[in-house]
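*Asks:* To start, I am sharing the structure in question, which I have written as structure tokens.
Laboratory data are not the source of any read-out in this text; all were calculated from the coordinates shown. Keep in mind that this is a model prediction, so the values were computed, not measured. Note: ideal-geometry Cβ built from the backbone for every residue, glycine included; neighbour counts use all protein chains shown.
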Amino acid sequence: MDFPDELKYTEEHEWILIEEDVVTIGITDFAQDQLGDVVFVELPEVGDRLETGKTLGVVESVKAVSDVYAPLSGEVVEINEALPDEPELLNTSAYEDGWMLKLKLSSPKELDSLLDAAEYQKFIAQD
Amino acid sequence: MKKTVLNQLHHLAGARMMEFGGWEMPVQYAGVIAEHLAVREAAGLFDVSHMGELEVSGPQAFDFLQYATINDVASLADGQIQYTALCYPDGGVVDDLTLYRFSAERYLLCVNAANSDKDFAWLRQLCADSNFTELELSNRSSEYAQLALQGPRAAEILARLTTADLTDLKYYWFAEAEVAGVATIVSRTGYTGEDGFELYCPTAGGVVLWQALLAAGAPLGLQPAGLGARDTLRLEKAYALYGHEITAGIHPLEARLAWITKLNSSDFVGRQALLEAKKKGLKRKLIGLQLTEPGVPREGYPVLCDGREVGRVTSGTMSPCLKVGIALALVETAFAAGEQALQIGIRKRQVAAERVKPPFVK
């Protein structure tokens with residue numbers, strides 16, 4: 001399993017790519033492996049305001065429905081339009097083509113609570 | 001949790017394991033969709049050793065089974081199999097099962113894992129209450145391993161390991177034969193809608209049989225398959241699963257099982273209640289629904305008509321073959337057919353669904 005060093009992570013198994021005050025969010029390789037074949041993705045709309053800990057969207061595998069929680073607060077500025085038609089991108093390209101959305105942060109301070117790759121790997125090893 | 005004789009092999013193969021009916025079972029190896037498609041296009045091998053096997057034998061075995069089950073046992077010949085069910089007096093379903101006739105005085109019932117103890121207790125009680133004395137009931141579940149070899153190439157694979165003549169073995173018939181040197185009941189049945197076999201062998205022979213089949217089948221595309229694919233495969237063919245489409249609270253006529261409910265043959269437990277239910281007219285019916293918008297229907301989701309709940313999904317999934325959401329749903333009879341548009345409530349959305357005559361995949 002792959003956990004790129006340039007990304008940040010959460011205990012809810014999301015990855016975050018930080019580019020100034022805009023972040024890109026997706027689910028980790030560990031999360032997609034646990035879910036199995038992803039068959040449906042529900043995303044918010046551009047312009048929606050997300051609050052940390054609230055539901056951001058839904059990822060469904062053949063067997064299960066999983067909520068995805070917003071790791072940070074902010075406004076959705078872009079969503080991955082390819083996902084509704086190709087939800088399997090979450091499995092095949094979790095960190096690249098399977099990105100879920102981009103968020104313009106409203107409180108950048110929240111970034112301090114994110115895990116780095118080593119911390120995240122330690123977390124899933126214990127979990 | 002109980003473990004099948006193949007448990008260690010599943011772990012070694014990297015299968016994801018889960019609890020099912022009191023057993024630790026593989027839910028997937030390579031992935032549900034890959035395994036599903038392997039079964040539709042080539043072949044898959046399932047460990048179904050969790051299934052229960054109950055034996056009924058003795059001079060009154062026939063009379064007893066004719067009384068305990070809803071199908072007509074008289075239509076069975078030696079070596080033939082029948083899909084049937086046990087009902088309660090009120091018509092609710094105890095379990096659905098396949099009934100194997102070895103002789104007029106010896107039968108094997110293959111029942112659902114989670115129900116095997118309940119079924120055995122139910123049969124013993126029926127037997128005692130109805131004064132069947134020349135009869136022996138035994139729960140032989142722990143004595144058998146059971147593997148399901150399913151898919152269009154199943155016969156070709158099995159033929160490499162047995163001298164039994166498979167071309168003569170018709171659907172819902174069985175033969176006793178050696179497979180890879182293991183004494184096996186070779187049953188031309190399955191739960192996937194594909195050609196295939198369910199193979200019963202002494203528990204100790206399960207590992208040899210599993211490994212021999214995988215080795216013989218690998219060049220033909222055979223893959224191990226888990227309960228995840230077993231569920232999506234049966235749902236595409238609209239086969240009922242106990243606890244979902246049929247329960248103690250859903251009777252066989254509601255669940256599209258009138259074809260195994262022989263109300264005009266001899267008396268059986270539940271017959272009176274089912275005759276009355278039929279006379280009054282069914283309140284609910286099981287139907288097939290296919291989403292016409294993106295989404296995945298799941299058990300328990302409401303079926304809606306003009307915003308009113310008219311039924312519930314009993315099983316649903318994303319069909320790996322059709323790539324759309326499919327569901328079996330128990331709905332009020334007035335909405336089972338006709339033109340009124342139906343939706344399935346998925347979280348906050350109402351997703352359009354059209355009635356489809358099952359099976360979803362022909």
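*Asks:* Of all trypsin sites (Lys or Arg not before Pro) in the stretch B:257-316, which ones are in loop regions per DSSP and have a Cβ with at most 16 other Cβ atoms within 10 Å?
*Replies:* On the way: sites: B:262, B:271, B:278, B:279, B:280, B:283, B:284, B:285, B:298, B:308, B:312; in loops: B:262, B:283, B:298.
Listed in order of number, the matching sites are B:283.
*Asks:* Return, ordered by residue number, the residues of the stretch A:37-69 whose backbone nitrogen is under 20 Å from a label point located 7 Å along Cα→Cβ of residue A:97.
*Replies:* Taking a point 7 Å out along Cα→Cβ of residue A:97, the residues of the stretch A:37-69 whose backbone N falls under 20 Å are A:37-43, A:59-62.
*Asks:* Suppose each label sits 7 Å from its Cα in the direction of the beta carbon; what would the residue B:176-residue B:136 distance come out to in nanometres?
*Replies:* Label-label distance for residue B:176 and residue B:136, simple model: 1.4 nm.
*Asks:* State, as an integer percentage, the relative contact order of chain B based on alpha-carbon contacts under 8 Å between residues 6 or more apart.
*Replies:* Values: 843 pairs, mean separation 65.4, N = 362.
RCO, chain B: 18 percent.
*Asks:* What 222 nm value per residue comes from the helices of chain B, counting each DSSP H run with n ≥ 4 as -39,500 (n - 2.57) and dividing by all residues, nearest 500 deg cm²/dmol?
*Replies:* On the way: 8 runs with 76 residues, N = 362.
Value at 222 nm, helices only, nearest 500: -6000 deg cm²/dmol.
*Asks:* For the protein assembly as shown, how big is Rg over Rh, using alpha carbon atoms and the Kirkwood form of Rh? Could you put the intermediate results ahead of the total?
*Replies:* Numbers: Rg = 25.3 Å, Rh = 24.7 Å.
Here the Rg-to-Rh quotient is 1.03.
*Asks:* GNM on chain B, C-alpha springs below 10 Å: top fluctuator among B:90, B:168, B:195?
*Replies:* Fluctuation is largest for B:168.
*Asks:* Is there a pair in B:262/B:357; B:2/B:170; A:8/A:122 whose C-alpha atoms are over 25 Å apart, and which pairs would that be?
*Replies:* On the way: B:262/B:357 23 Å; B:2/B:170 34 Å; A:8/A:122 13 Å.
From the list (B:262/B:357; B:2/B:170; A:8/A:122), the Cα-Cα distance tops 25 Å for B:2/B:170.
*Asks:* What percent does the relative contact order of the stretch A:8-106 come to when contacts are Cα pairs within less than 8 Å and at least six residues apart? If you can, show how the numbers build up before the last one.
*Replies:* On the way: 222 pairs, mean separation 31.8, N = 99.
After rounding, I find 32 percent.
*Asks:* Would you compute, from DSSP H runs of 4+ residues alone, the mean residue ellipticity of chain A at 222 nm, taking -39500 (n - 2.57) per run and dividing by the full residue count, rounded to the nearest 500? Show your work: numbers first, answer last.
*Replies:* Working: 3 runs with 21 residues, N = 127.
Estimated from H runs of four or more residues: -4000 deg cm²/dmol.
*Asks:* The stretch B:1-102: which chymotrypsin sites (Phe, Trp or Tyr not before Pro) are DSSP loop and have at most 13 other beta-carbon atoms within 10 angstrom? Could you put the intermediate results ahead of the total?
*Replies:* Numbers: sites: B:20, B:23, B:29, B:46, B:62, B:64, B:67, B:83, B:100, B:102; in loops: B:29.
Answer in residue order: no site qualifies.
*Asks:* Setting aside same-chain residues fewer than 8 positions from residue B:118, which lysines have a Cα under 16 Å from its Cα?
*Replies:* Within the straight-line limit of under 16 Å, residue B:118 reaches no lysines at all.
*Asks:* Give the Kirkwood hydrodynamic radius (Å, one decimal) of the stretch B:88-201, defined as one over the mean of 1/r across all pairs of different Cα atoms.
*Replies:* Details: mean 1/r = 0.0632 Å⁻¹.
For the stretch B:88-201, inverting the mean 1/r across all distinct Cα pairs yields 15.8 Å.
*Asks:* Under 1.5 on a/c is rounded, so check that first for chain A, then, if it is not, pick prolate when a/b is larger than b/c and oblate when it is not; a ≥ b ≥ c are the square roots of the alpha carbon gyration tensor eigenvalues.
*Replies:* Because a/c hits 1.5 or more and a/b fails to exceed b/c, chain A counts as oblate.
*Asks:* Under the 0.36 nm per residue contour assumption, what length would be gained going from the current alpha-carbon distance of residue B:143 and residue B:165 to full extension?
*Replies:* On the way: separation 22, 0.36 × 22 = 7.92 nm, distance 2.58 nm.
The span from residue B:143 to residue B:165 would gain 5.3 nm if fully extended.
*Asks:* OK, next. Let's test this: bin the Cα-Cα distances of chain B at 20 Å from zero up to the farthest pair and state each bin's percent.
*Replies:* Taking all Cα pairs of chain B, the binned fractions are 29, 58, 14, 0 percent.
*Asks:* Let me confirm one metric for peptide B:344-355, namely the mean number of other chain beta-carbon atoms within 10 Å of its residues' beta-carbons.
*Replies:* Values: counts 0, 0, 5, 5, 1, 1, 0, 0, 0, 0, 0, 0.
So the per-residue partner count for this stretch is 1.
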